[in-house]
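Note sheet for the following structure.
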Amino acid sequence: MNEADSFAEIFRGGLPHCLLIVLSMLLICSPVMPSEFEVISMSKFDLNGQHFGSRVPSISLEARSLYSWNTSRHCVLTRLTDLSIHDFDKLRQNAGGIILMLPSNMLDLDVEARELITILEQSMLTYTAVAPIFFAPYNKDLEKIIDDITYTTTDNVAQNQTALSQLIVTVSANRYHVNVGGGSIVANKNSKVPIIHGELIPNQLALKPSETVGDGQKLPVILITANLKTFGIYNDYPANADAAVLLVLMELFSKMHYTTSMAPKYRLRFLLSDAGVLLNFQGSKKWLEIDDNALQNVEFVLCLDTITESLSLGADNALYMHVSKPPKEKTSISNFFKLLKAAAEKYTNGLTVEGVHKKINLADTKLAWEHERFSIKRYPSFTLSSVKSPRSPIRTTIFKNDERLFVEHTLNTSRVIAEALASYMYKVDPISSVFDGQLAIKEENLLPYFGVKSILHNNDVKDAFEKYLNNVKIIYDKPDGRDPEFMFYNENDVKLNVYRVKPAIFDLFLTMVIGVYLLAVFLAIQYFPRFYDEVSKLTKEEPAGQQNGHSSERLRMKSH
Amino acid sequence: MTLYHFGNCVALLTPYYFTYKYSGLSEYGAFWKCVQAGGIYIFTQLCKMLVLATFFYSDSSSSSGEFNFFAEIFRCSVDIADLLGFALILSRIPGKGHSKLITAGLGWATAEVILSRGIMLWVGARGTEFSWIYILKCLESNVLLVQHITTATLIWLFTRHDLNKALKPLVSLMLAVTVFKGVWLEGMLHILAIGPWLTVAVKALVAAVIGFCTLHIYSGLAQQIGI
């Protein structure tokens with residue numbers, strides 16, 4: 001007894017301390033980890049005061065399917081392939097968040113689905129969205145969750161005959177709470193667009209003495225421009241066929257200059273920038289502002305834009321020459337167009353070359369094509385592209401096709417452009433096949449250029465420019481401090497957490513059930529003495545002559 | 001809402017309080033006795049852990065979800081220490097009649113719930129993620145309460161010399177059944193692969209059957225010695 005008392009004393013004294021430690025430990029313990037998924041945030045940038053990509057950094061909302069969401073307190077979790085333009089228009093204004101699961105493989109989709117996805121992409125990149133958008137790579141677990149929320153809602157709609165069944169559905173429904181990790185979105189003060197420019201000056205030795213006058217500076221200029229796409233709806237590297245073609249042309253003409261004794265009557269200049277259609281061709285704009293005087297005596301400006309469809313939608317095998325005004329006969333553009341047509345007929349099977357005329361809409365802040373930047377300054381210019389309409393969603397897609405097809409098409413097109421350009425520059429017949437034999441464009445030449453990710457990436461582009469060209473210059477377009485034309489944002493990696501939750505009504509229901517259960521237990525304990533008596537009676541019959549003084553005592557104990 | 005769910009889970013543990021309050025323990029002021037019983041539980045578990053860590057290699061039977069028959073037998077043989085623990089409680093903690101057994105069982109079961117379920121409930125049931133497991137575990141705790149009181153009674157019966165000789169083997173058998181429940185019951189449930197709810201129901205049934213048999217024997221002896 002003494003011993004037990006001291007034991008109790010220890011407990012009495014030590015308990016508060018123990019409790020303090022235990023409670024503080026419990027507070028530190030975080031709840032169990034839910035299912036976690038990788039997500040990619042939609043790319044965020046500003047252009048001319050317009051915001052693209054929501055500035056809401058995180059989501060902590062209930063996940064709903066595309067068919068059951070109705071307020072901004074719902075986050076829509078769905079597959080990208082299930083989304084329609086109409087849905088998206090509603091979602092981007094009213095939903096609390098959008099999480100889209102990308103398809104496992106773009107190539108498995110049919111043409112219509114691919115087209116829809118590219119249109120969605122374009123829509124996301126054209127309109128400002130209030131709701132934050134995240135993309136989740138294909139994941140089986142996530143697909144199960146999506147199926148679950150979609151199934152529950154369709155079930156709900158299908159059979160709501162009785163109030164009871166509806167109640168059961170409401171109570172038993174699985175709900176999901178999504179949480180996309182915090183991190184703030186900060187404007188990147190160092191946002192800049194690199195522009196690289198180089199010049200191919202005709203070999204001095206090859207020039208005839210009469211032509212050396214003026215150091216070749218007086219020769220007319222042919223400018224070839226292209227843009228590197230560095231992002232799409234999310235931060236990834238889109239296929240950059242234009243830059244590859246530009247670099248191949250650069251390599252070929254540089255080689256030709258040094259291997260043949262032919263000196264062209266033109267200077268070739270190359271311009272590559274990191275700002276494509278999404279950034280309204282900021283690169284060429286900046287370059288024109290800086291280098292305004294340098295561009296004199298221009299023969300024409302050749303812009304490359306989406307020379308190969310990175311995601312083939314149709315079997316439309318064509319090359320379009322986009323101009324701002326219809327070229328007159330005998331002008332440089334018209335001559336080049338004819339050469340291009342002839343080259344296409346000779347070197348490819350079925351590549352048609354067509355001219356497309358579109359007037360510049362000066363009221364529109366966004367230009368349709370890059371050549372419009374030059375046309376405004378009255379330089380003869382045109383864009384070569386595989387798409388007919390400037391609003392084609394293919395121009396901004398981040399999804400890539402099968403590379404083999406892609407390379408083959410790019411190879412064909414670059415051959416056509418190179419042949420046409422060579423015959424224009426050297427005034428030879430387009431069927432003379434300049435790029436055969438030693439100068440043939442091979443896949444090996446082209447493939448490394450597809451790996452180019454950015455002008456600043458590893459200095460790859462700079463090295464290539466310096467290897468083949470002279471007067472290489474890199475300039476940066478930085479946004480103005482007060483009134484930035486464009487702005488990028490720093491992003492952190494985010495994670496999507498999905499928690500399985502039950503509605504609040506479920507817990508109320510559970511409380512009721514538990515209440516009933518506790519009542520049953522309470523009654524069972526209350527009636528236990530009576531039950532004990534029954535059992536005692538049962539035992540008494542077997543071993544006879546036992547006395548039972550117990551139950552009355554027990555009952556007395558209870559009644560206190 | 002999540003704290004509410006935690007509240008729901010804790011509410012399921014109210015039978016412990018009911019047992020304490022309505023079996024007359026509160027009137028005897030048996031609270032500290034229960035705490036002491038819990039202390040002995042902790043001591044027993046520590047001893048068991050020492051033995052397990054020293055003499056048994058830790059295989060992945062529990063973590064992989066695979067049911068390993070022999071490993072379970074080894075583990076359960078260590079559970080005999082639990083019986084010694086109960087014997088210690090019964091011999092050390094004073095009390096009379098029914099309340100002694102209930103004190104031992106209740107103290108033991110409460111300590112077990114707090115130590116083995118407490119953190120899981122606090123961390124898990126309060127979290128955003130919903131799972132039935134917490135409700136199930138709480139229900140199972142109720143079954144364990146019945147079972148521990150039964151075990152305490154069986155140990156008490158086992159230590160009595162005035163128990164009918166014919167009943168002695170039965171008591172020993174039931175003790176063995178209780179200790180090796182981990183082997184035969186879990187094994188059976190594993191083989192039958194039945195759902196978690198049915199598992200709890202089967203466990204409740206087993207506990208009820210053993211409990212009833214024990215009560216039957218106990219009432220006989222109780223009448224005999226007049227408590």
**Request:** Report yes if some residue within segment B:93-102 is β-branched (Val, Ile, Thr) and either surrounded by fewer than 17 Cβ atoms within 10 Å (Cβ to Cβ) or within 12 Å of chain A (Cβ to nearest Cβ) (or both); otherwise report no.
**Result:** yes
**Prompt:** If B:Thr44 passes every condition in (1) in contact with a Phe, Trp or Tyr (Cβ under 9 Å, 6 or more places away or on another chain); (2) of a type in the set (S, T, N, Q); (3) at pLDDT below 85; (4) part of a helix (DSSP H, G or I) but one, which one does it miss?
**Reply:** (3)
**Request:** Evaluate segment B:144-158: report whether one residue or more is over 23 Å from B:Thr110 (Cα atoms) and of a type outside the set (Asp, Glu).
**Result:** yes
**From the options B:Lys48, B:Lys21, residue that is within 11 Å of chain A (Cβ to nearest Cβ) and of a type in the set (Lys, Arg)** = B:Lys21
**Request:** Under 6 Å between Cβ atoms, at least 6 apart or on separate chains: pull out the pairs that start in segment A:243-258 with a residue that is touching a residue at least 12 places away in the same chain (Cβ under 8 Å) and end on any residue that is of a type in the set (Phe, Trp, Tyr) and part of a helix (DSSP H, G or I).
**Result:** A:Ala244/A:Tyr449; A:Ala244/A:Phe450; A:Leu247/A:Tyr449; A:Met250/A:Tyr468; A:Glu251/A:Tyr468; A:Ser254/A:Tyr468
**Set A:Val501, A:Val521, A:Val535, A:Val513: member being more than 7 Å from every other protein chain (Cβ to nearest Cβ) and not polar (S, T, N, Q)** = A:Val513
**Asked** Are there any helices (runs of 4 or more DSSP H) wholly within segment B:124-227 with 1 or more residues that are more than 12 Å from chain A (Cβ to nearest Cβ), within 30 Å of A:His177 (Cα to Cα) and not acidic (Asp, Glu), and if so which?
**Response** B:133-159, B:196-225
**Message:** Is it the case, given these coordinates, that A:Val461 is closer than 29 Å to A:Asp291 by Cβ, of a type in the set (Val, Ile, Thr), in contact (Cβ under 8 Å) with a residue 60 or more places away in the chain and touching a helix residue (DSSP H, G or I) at 6+ places or on another chain (Cβ under 7 Å)?
**Reply:** no
**Request:** Return yes when A:Phe509 is closer than 30 Å to A:Arg175 by Cα, assigned to a helix (DSSP H, G or I), modelled with pLDDT under 90 and not small (Gly, Ala, Ser) and no when it is not.
**Result:** yes
**Request:** Just name the residue that is modelled with the lowest pLDDT out of those in segment B:188-201 that are more than 15 Å from the chain's Cα centre (by Cα) and buried (at least 16 other Cβ atoms within 10 Å of the Cβ).
**Result:** B:Leu189
**Message:** If a residue counts only when it is more than 19 Å from the chain's Cα centre (by Cα), which strands (runs of 3 or more DSSP E) contained entirely in segment A:45-107 have at least 1 such residues?
**Reply:** A:59-64, A:74-79
**Request:** Output the number of residues of segment A:368-408 satisfying the condition of being part of a strand (DSSP E or B) and among the small types (Gly, Ala, Ser).
**Result:** 2
**Complete:** Among residues of segment B:124-148 being of a type in the set (Val, Ile, Thr) and modelled with pLDDT of 80 or more, the residue surrounded by the most Cβ atoms within 10 Å (Cβ to Cβ) is B:Ile135
**Message:** Suppose the filter is surrounded by 13 or more Cβ atoms within 10 Å (Cβ to Cβ), more than 38 Å from the chain's Cα centre (by Cα) and more than 14 Å from chain B (Cβ to nearest Cβ); does A:Ser433 pass it?
**Reply:** yes
**Message:** Yes or no: segment B:76-87 includes at least one residue that is in a helix (DSSP H, G or I), more than 12 Å from chain A (Cβ to nearest Cβ), touching a Lys or Arg at 6+ places or on another chain (Cβ under 9 Å) and in contact (Cβ under 8 Å) with a residue 60 or more places away in the chain.
**Reply:** yes
**Asked** Inside segment A:108-140, can you point out the residues that are part of a helix (DSSP H, G or I), out of contact with any Phe, Trp or Tyr (no Cβ under 8 Å at 6 or more places or on another chain) and among the hydrophobic types (A, V, I, L, M, F, W, C)?
**Response** A:Val111, A:Ala113, A:Leu116, A:Ile119
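The values are calculated or read from the model by the stated rules, or taken from the named source; none is laboratory data. Bear in mind the structure is a predicted one, so any value in this text is a computation, not a measurement. When we count neighbours, we look across all protein chains shown, and the Cβ atoms used for this are built from the backbone with ideal geometry, even at glycine.
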